[in-house]
Amino acid sequence: MIELMNQLNFAFPYIIRAMALLSIVALGGLFSERSGVVNIALEGIMIMGAFAGAWTMIIVMNNMNIPLQWNAFIGLSVGAITGMVFSLFHAFAAIHMKSNQIISATALNFFAPAFAIFTARSVTGDRALNVRLDYAISEVPILSNIPILGPWLFTNAYLSTYLAVIIFIVAYIVLYKTPFGLRLRSCGENPHAADSLGVNIYKIRYAGVMISGALAGLGGVMFVLSFSTRFDGAVAGFGFLALAVLISGQWKPIRLILIAFLFALFRVISEIPDELVGIRNLNLPQEIWRMLPFIATLVILAITSKGSAAPRAVGEPFDAGKR
Amino acid sequence: MDYVIEMIDITKEFPGIKANDQVNFKLKKQEIHALLGENGAGKSTLMSVLFGLYQADEGHIKVRGQEVDIRNPNDANDLNIGMVHQHFKLVHNFTVTENIILGSEDTKYGMLTYQNARQKIKELSDRYKLKVNPDAKIEDISVGQQQRVEILKMLYRQAEILIFDEPTASLTPQEIEELMKILKGLTKEGKSIVLITHKLNEIRQVADRCTILRKGKSINTVVVKDTTNEQLAEMMVGRKVVFELEKTKAKPKDTVLQVKNLSIKQKEGSKLLVKNVSFKAKRGEILCIAGIEGNGQTELVYGLTGMMPIQEGSILLKDNDITGLSIRNRSLTGLSHIPEDRQRHGLVLDFTLENNLILQNYFTSKFHHRGFLKFEAIRENAERLIDQFDIRSSRGPISLARSMSGGNQQKLILGREIDRNNDLLIAVQPTRGLDVGAIEFIHQQLIDQRDQGKAVLLVSLELDEVMNISDRILVMYEGELVGELDPSKIDEKELGLYMAGSKRGEIS
Ligand SMILES: Nc1ncnc2c1ncn2[C@@H]1O[C@H](COP(=O)(O)OP(=O)(O)OP(=O)(O)O)[C@@H](O)[C@H]1O
Ligand SMILES: [Mg+2]
C-alpha cells in the first residue's frame, strides 16, 4: 500500500505535466477550429514557440541575473507571441486567400523544424539549444504538505502548469460567457448566420487562429521547460497528440481535459516504466511501452470519433455569395 | 403616398447572367407587397441587394426618401431592414435565445447576460403571437418554430421593413395558416413586408400589391384584388398557364412495387416511425402517400430506397426481393428517386450540371471506357436533357449546381431520374418551392410517366397536388396507413380529416 502510494506520488507530477501541456495546446486547436479554421499546424507552431522561448531564456540567463521563475515566465511569453505571429501565415492563407487549410498548415509543420534547427546551428554551432537549468518548483510552501494532493500537485511542479490552469479557466469563460465566445462558436457552425447578423467572420477567425497560435507557442515552451530542458527542433509529437485530444474531446473544453488526462497517463507509463515496480514486473520489452500512447491514441480516436461533433463549418473558407 | 423603400433601375450581374436587369420596386408603408416570378427570375437576388448581401452593379436605393448605400447586412440592420432567408440562417446547436441575440448581445462586466434579452423576447413573442421556447435548441424544434425564431431575430433588432423569402416553402398547411395571421398582425403594428412566394393563393390571401419579375426584369406592379390568378400567372410566365391538367383516367396494370408489413425504427431510440405498412403500386397509376409532415412518410421512402435500415417486412420490386439490397442495386433493379431534400440527397452542389446528371450511371459503359470518363458522351447527355427538360442555368452543362435556382435544380434531378427509364418512380415533394410554370411541367411529366406504363409513387404534403394528380391516395398518420381514398370521390376537407387522424378507413 505504501509502496503504491509512493509510486503514485512519483508518477503523478509527470502525468499532470503532460496533461497540462496537452490541454493547453488542444485548447489552442479548439479556438481555431470552433471559429471554423482547421489547424493541424499546432506541432509546427509549438516548435517555433519552443525555439524562440528557449533561445530567449538562454540569452536572459547568460546576461541577466533574475530569478529562475521570472526567466521561465519571460520564455513562456516570448513563445506565445512567436506562436501567435507564426500562426498568422496560416490565418492569412486560410482566411484571406481561402486556400486549402490542410496544405497551408502542413507547410508550417515542414517549415518550423527546418528553420529552428538551421538557425540554432548557425547561432550555436550545435543542433540543440541547451536550457540546462531545472525549472521545477520543488515545493510550494504549506500546500506541499497537504496529504495526497500535496505530493501530487505541489511538489516538483512547474510554473507553466499553474499558468495552464489559469489560462484554461479564462478560456472557458471567454468561450462560453462572453459575446466574443458566442460569435466565435457561431462562426464555426454557421458563418452565414453570423454574417447576416453583422458579425465579422474574418476578424473572428483571425482571432481564433491567433489564440491557437499563442497557446501552441506557449505549449512549445512548456515542453522545453518541463520535458527536455533542451530544444533540438522537435516537440515529440505533442502537437499532433493535442489534435487527437481535441478530436477525442469532441471540441469541448471539459471533455478535452479528461481525454488529455488519459493520454498523459499512457504517455507517462511509456516513459518511465522502469520506475514503476508493478509494471517492471510484467517484463515486457521497452518498445511495447513506447508504443502505448500511440496505440492508445488510435483506440481512443476510434471509439470516440463515432459520435464526432466537429464544428459544422470547420475547414470551409467563408464565401458570402455561397448559398 | 410615400414609400419606405424605392429600388430604382437595379442591375446585378452574375457570371453569364443578368439576375436583375433595370428592376424597379417600391414598397409602401404598412403594406404586404408580394414579389412573384419564375424560378431564377431574380427575386432572391433583388432582396439580397436590398439587404446588403450583394451590391448592385447599377441603380440606387432610397429608404424613407433618403438615398442610401447598403454595403452589408449591418447597414441594412441600421436602416431597420430585416430578412428571413429561403434557407434559414440559424446555428443548429445554439438555443433560441442565443440565436436571437447573436451579434447584438447585452453584457455586464464583459460577460453575457440574458435577462434583458429574455424579457424582450417574451414581450415580442406575446405581442406578435410568436410562440417559442427561448431555451430550446434549434435542432430540436420544428421548421415552423425555426421560422418564428427568424422573425423574432428581425423584430429584436427593431426591423420595420421585413423581407420574407419563400417563407411557406417548407411549412405544413397549419403552419402556413398561422404565418399568414402573423404577417397581418405585423402590418397592423406598423411594419412593412415584402413577401416572396410562388403560391398565388397566399398572395391573394394577404398581399396588397404584387410586383412581377420575369427573367430579371420587372414586368409590372399590380393591386392584387383587381387582378385574377390567371393574369398574375400569365405576366409571370409570359404565356397562358393551364391550372387544370389534362389527365385521362388511370388504367392500372400489373404490380411493380409490393411492400409487405414494413416497419422502421427511429435511428436512436425504439419508437416505430413506420408501423406495419403494406401496399402495392401498379403500372399506369400515380399512387400518392398523403399526410401531415412528420408522420413517417420520409422514413417510409428512406426504407424503400435503402437510405435507412428497416426493422421488419419485405419490399418486392417487379418480383425481385430488394429488401436487403444496397441503394445502388435497388436503383439498378429499376427504381428512380426524386428525393425530398434536393440539396442534400439529390445533388452534389459543387459539381457541374453535366456531372450531376450522371451520378446514377457514370459507371455504366455509356459514360466510361476502361476506367476513364467519356467527356463527350457526358456533354451530349447534358445537352439533350437540358433541352428536353428546359433546365435553365447561367453556363449550360458546366454551371455549378449550387449557382442554379431551386426550380432548375429540381428539373435537373427530374430529368436524370426520368431518363433512366425505370419502372418505378418515387417522387417526394417534387414541386416544393417551384413556380407555377415549373409545377405544371413537373406534373405533366409525372402523368406522362404513368401513361407510359410506369408506376409513380408520389409523396406530397400539398393538398392541391394530392387531389389534382394522383389516381389513388393512401393516407399516413403516425406511421400507419389509415385510409385508401379515391380522389374523384372525396374533397379536400375529408382528406384533411384522415390526415389529422380523426377518421380511419380500410386498406385493400
Ligand atoms: N451567387 C450566384 N452566383 C452565380 N449565379 C447566381 C448566384 N445567385 C443567383 N444566381 C443566378 O441568378 C439568377 C437569379 O437567381 P435568384 O436566386 O435571384 O432567383 P429566384 O427568383 O429567387 O428563384 P427561386 O424562385 O428559384 O428562388 C439565377 O439564374 C441564378 O442561377
Ligand atoms: Mg429565391
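The values are calculated or read from the model by the stated rules, or taken from the named source; none is laboratory data. Keep in mind that what you see is a predicted model, and the values were worked out from it rather than measured. Note that each Cβ is placed from the backbone with ideal geometry, even for glycine, and that neighbours are counted across all protein chains shown.
Please work out if B:K28 is away from ligand 2 (no atom under 16 Å from the Cβ) and touching a strand residue (DSSP E or B) at 6+ places or on another chain (Cβ under 7 Å).
Details: away from ligand 2 (no atom under 16 Å from the Cβ): yes; touching a strand residue (DSSP E or B) at 6+ places or on another chain (Cβ under 7 Å): yes.
Spelling it out, B:K28 is indeed away from ligand 2 (no atom under 16 Å from the Cβ) and touching a strand residue (DSSP E or B) at 6+ places or on another chain (Cβ under 7 Å).
Kindly indicate whether B:G406 is within 14 Å of another protein chain (Cβ to nearest Cβ), surrounded by 17 or more Cβ atoms within 10 Å (Cβ to Cβ) and either within 26 Å of B:N361 (Cα to Cα) or more than 16 Å from ligand 2 (Cβ to nearest atom) (or both).
yes
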* Failed criterion for A:V38 (all others in (1) surrounded by fewer than 24 Cβ atoms within 10 Å (Cβ to Cβ); (2) part of a helix (DSSP H, G or I); (3) in contact (Cβ under 8 Å) with a residue 12 or more places away in the chain hold) -> (2)
* **Condition met for B:N74 (touching a residue at least 24 places away in the same chain (Cβ under 8 Å) and more than 16 Å from ligand 2 (Cβ to nearest atom))** => no
* With B:I32, B:I61, B:I10, B:I70 as the choices, which residue is more than 13 Å from ligand 1 (Cβ to nearest atom), in contact with a Phe, Trp or Tyr (Cβ under 9 Å, 6 or more places away or on another chain) and not basic (K, R)? -> B:I70
* State whether the residues of the stretch B:448-466 include one that is of a type in the set (A, V, I, L, M, F, W, C), outside any helix (DSSP H, G or I) and either within 16 Å of ligand 2 (Cβ to nearest atom) or on the phi > 0 side of the Ramachandran plot (or both). => no
* So, in the stretch A:125-146, of the ones that are under 18 Å from A:V221 (Cβ atoms) and among the β-branched types (V, I, T), which residue ends up surrounded by the most Cβ atoms within 10 Å (Cβ to Cβ)? -> A:V131
* To do: Would you mind stating whether B:T323 is among the hydroxyl-bearing types (S, T, Y), buried (at least 17 other Cβ atoms within 10 Å of the Cβ) and either more than 16 Å from ligand 1 (Cβ to nearest atom) or part of a loop (DSSP other than H, G, I, E, B) (or both)?
  => yes
* To do: Looking only at the stretch A:128-143, decide whether some residue is of a type in the set (D, E, K, R), away from every other protein chain (no Cβ under 14 Å) and within 23 Å of the chain's Cα centre (by Cα).
  => yes
* Asked: Taking B:Y3 and the conditions (1) at pLDDT 95 or above; (2) away from ligand 2 (no atom under 16 Å from the Cβ); (3) in contact with a Leu (Cβ under 9 Å, 6 or more places away or on another chain); (4) not basic (K, R), which numbered condition does it fall short on, given that it satisfies the others?
  -> (1)
* Asked: Limited to the stretch B:192-209, what total is found for residues that are away from ligand 2 (no atom under 16 Å from the Cβ), closer than 15 Å to B:D435 by Cβ and touching a residue at least 60 places away in the same chain (Cβ under 8 Å)?
  -> 1
* Are any of the residues in the stretch B:142-151 closer than 30 Å to B:D57 by Cα, in contact with a Lys or Arg (Cβ under 9 Å, 6 or more places away or on another chain), modelled with pLDDT of 90 or more and of a type in the set (D, E, K, R)? -> yes
* Structure fact -> Residue hits (the stretch B:150-170; without any contact (Cβ under 8 Å) to a residue 60 or more places away in the chain and more than 16 Å from ligand 2 (Cβ to nearest atom)) are B:L152, B:Y156
* To do: Could you tell me whether B:S104 is more than 30 Å from B:Q231 (Cα to Cα) and either modelled with pLDDT under 95 or within 16 Å of ligand 2 (Cβ to nearest atom) (or both)?
  => yes
* To do: Would you check which residues across the stretch A:169-187 are exposed (fewer than 15 other Cβ atoms within 10 Å of the Cβ) and either more than 9 Å from every other protein chain (Cβ to nearest Cβ) or touching a strand residue (DSSP E or B) at 6+ places or on another chain (Cβ under 6 Å) (or both) and list them?
  => A:I169, A:V170
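Got a number for residues in the stretch B:58-85 being within 8 Å of chain A (Cβ to nearest Cβ) and either farther than 21 Å from B:K12 by Cβ or not in a strand (DSSP E or B) (or both)?
The initial filter retains those residues of the stretch B:58-85 that are within 8 Å of chain A (Cβ to nearest Cβ), namely B:72-74, B:77, B:83, B:85.
Narrowing further to those that are either farther than 21 Å from B:K12 by Cβ or not in a strand (DSSP E or B) (or both): B:72-74, B:77, B:85.
Qualifying residue count for the region: 5.
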* Structure fact -> When the stretch B:352-366 is checked residue by residue, the ones that are surrounded by fewer than 17 Cβ atoms within 10 Å (Cβ to Cβ) and within 21 Å of B:S393 (Cβ to Cβ) are B:L359, B:Y362
* Structure fact -> Out of (1) surrounded by fewer than 21 Cβ atoms within 10 Å (Cβ to Cβ); (2) over 23 Å from B:I264 (Cβ atoms); (3) of a type in the set (D, E), the one B:E484 does not meet is (2)
* Residue among B:L36, B:L50, B:L90 that alone is assigned to a strand (DSSP E or B) and either facing chain A (nearest Cβ under 7 Å) or in contact with a strand residue (DSSP E or B) (Cβ under 8 Å, 6 or more places away or on another chain) (or both) -> B:L36
* To do: Tell me which of these A:P13 doesn't satisfy, since it passes every other one: (1) crowded, with 22+ Cβ neighbours inside 10 Å; (2) touching a strand residue (DSSP E or B) at 6+ places or on another chain (Cβ under 6 Å).
  => (1)
* To do: Would you mention how many residues in the stretch A:188-201 are touching a Gly at 6+ places or on another chain (Cβ under 9 Å) and more than 7 Å from every other protein chain (Cβ to nearest Cβ)?
  => 3
* Asked: So B:G110 clears everything in (1) within 30 Å of B:M7 (Cβ to Cβ); (2) within 14 Å of chain A (Cβ to nearest Cβ); (3) at pLDDT below 90 except one condition, right? Which one?
  -> (1)
